[in-house]
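Working notes for the structure below.
None of the figures in this text is laboratory data; all of them are computed from the coordinates on show. Every value quoted in this text rests on a predicted model; they were computed, and no experiment measured them. Don't worry about glycine lacking a Cβ; one is built from the backbone with ideal geometry, like all the others, and counts go over all protein chains shown.
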Amino acid sequence: MKQENKPGRNQGSSAEQTREELTAKIQEQDKKIRELEAKIKILESRQEPESGDPNGSRERFQQLADAMPQLVWTAEPDGEVDYYNKRMELYAGISREDDGSWNWSPVLHPEDIEATVQAWNHSVETGEAYQIEHRVRMADGSYRWHLSRGIPATGEDGKLVKWYGAATDIHEQKVIEQELRSSEKRLRRLADSNIIGIAYRTESGVIYDANDAYLNLIGYTREELETGNVRWDKITPEEYIHLDLEAAAVAKKQGACKPYEKEYIRKDGKRIPILIGYALLDESKDDYIGFVLDLSELKIAQKSLQEYTDKLEQSNKELENFAFIASHDLQEPLRKVQAFGERIQKRLEGKLDTQTEDFFHRMLDAAERMQAMIDALLNLSRISTRGQTFEPVDLNAAIKDAVANLEERIKETNGQVIIEKMPSVNADPDQMRQLFQNLINNALKYHKPDEPPIVSVWAARTSGGIGSMAGFRIFVKDNGIGFDERFSDQIFLPFHRLVGRSQYEGTGIGLAICQKIVERHGGEITVNSKPGHGSIFSVTFPDN
């Protein structure tokens, strides 16, 4: 059987190929310099037979140099530059001294001056070709990478007579090469870190290279991998094969696929859950690189969390059932207390002293408060157990119904409720009315004694972000007594009050019901307040 193992391929092959392409481009540009050198030698070997002008060849050389796409220069044997072509105008810092020599060091990047001077001095001293890559300052002040090369020309006696050189702009190639090198370094660091498994495979299924993390994951050795007998389809359960084929097709078409979950079969037969994603290698149309993350610990944690969640839901359900049953069973004896108390009070009317009459009033008031608390507790327990199916709800209508139910309280307090245009949300219709009725009632109740309550209700779209969800946010603002924000979490607890019952009536469970309703709808409720400056309740409903 023909093996498809490709041991010569590795993570750096893409960068290496790109560097080879860049080197070829630089060599092509260097070839042009050599051609110029040859033309220069031909021109300088000629004399002007008709005019007898020895400078004719020099003029033709300069015309030829000015037509070159590089910065062309010449220098004396001692290294003094004596000529630049017209492209010197594109550079900043090249200047001619009073003695006719050229000063070129200011054009270089400060970090590259020392290396460039050393390379040039070495070439001048030894007569060896000069070549260096450095950054050169352009007329606009920016620096661009150049390949500078100088070629020594000798006379018939073999002595150095001239230097001919050119500086070729290789900035784009250099930037790409640096980015590739940086990318390769990051990939190699990732592979060597063994944080995730990295594997290379052919389209036909042979896994021909991998890091240690991947090998430890599947339970095979590197020697077994190098035989070419480790295949992705052999370590993948049959029910996941179609996912791999679909992912490979997407990667081949788009260059990469989204990560997805599947399982591997280890060499010892154990199945392990993984998250895997593919990308097509740059230099190939049939090889892929895969990134694999072991999900074993995550799945164990998720299972434990699900079991805990199930137990918590069951516990909450039992607690809600207990609250409902207890509240329901408490109503009958409470009714009897209220009924017999009222009968005794009527029968003994006018026969009781003032203190005894006060005792009866207190008893019946306490029974009435107990009835209100039981009703509130029943309402709280029914939010989850007896809620309606979600449907599109126009909050304009829901809040209008809530305000209508509070008409008497609004008149009593001489209050005002201002409602702006509301959105529609997917919700329980009755619970939406109950939610905003409780919030507006709360705003009307806790008003300042000498100031009529003003309640404003408006909505805003939220796009989500860190610490928030995308959806609609509804605000309910009042000008009431407010409270210290240190207690903002406590006000949503059942039967918890921040002010005394003698000042403001109520069961202390209205806001707990609001929070329960919002949580059932997958939203969140918060409050901002300051003593004496009112409160703003914010309710967010997610898009889904």
* Using the beta-carbon distance between Tyr308 and Ile272 and R0 = 22 Å, what value does 1/(1 + (r/R0)^6) give for FRET efficiency, to the nearest 0.05? -> 0.40
* **Fewest-first ranking of Arg347, Arg433, using other Cβ atoms within 10 Å as the exposure measure** => Arg347, Arg433
* Rounded, prolate or oblate: which fits region 397-492, taking a ≥ b ≥ c as square roots of the Cα gyration tensor eigenvalues, rounded meaning a/c under 1.5, else prolate when a/b beats b/c? -> oblate
* Convert 20 °C to kelvin, take the viscosity as 1.002 mPa s, use the Kirkwood radius over C-alpha pairs of region 194-294 as Rh, and evaluate the Stokes-Einstein diffusion coefficient in µm²/s, rounded to a whole number. => 160 µm²/s
* To do: Can you figure out the FRET efficiency of Asn426 with Leu334, using R₀ = 56 Å and their beta-carbon distance, to the nearest 0.05?
  => 0.90
* Of His242, Tyr200, Leu215, which is farthest on the positive side of the dipole of region 194-294, counting Cα position, with +1 on Lys and Arg Cβ, -1 on Asp and Glu Cβ, and the Cα centre as origin? -> His242
* Asked: Among Lys185/Lys262; Lys185/Lys253; Lys234/Lys299; Lys262/Lys317; Lys317/Lys445, which pairs are too far apart, with a Cα-Cα distance over 25 Å?
  -> Lys185/Lys262; Lys185/Lys253; Lys262/Lys317; Lys317/Lys445
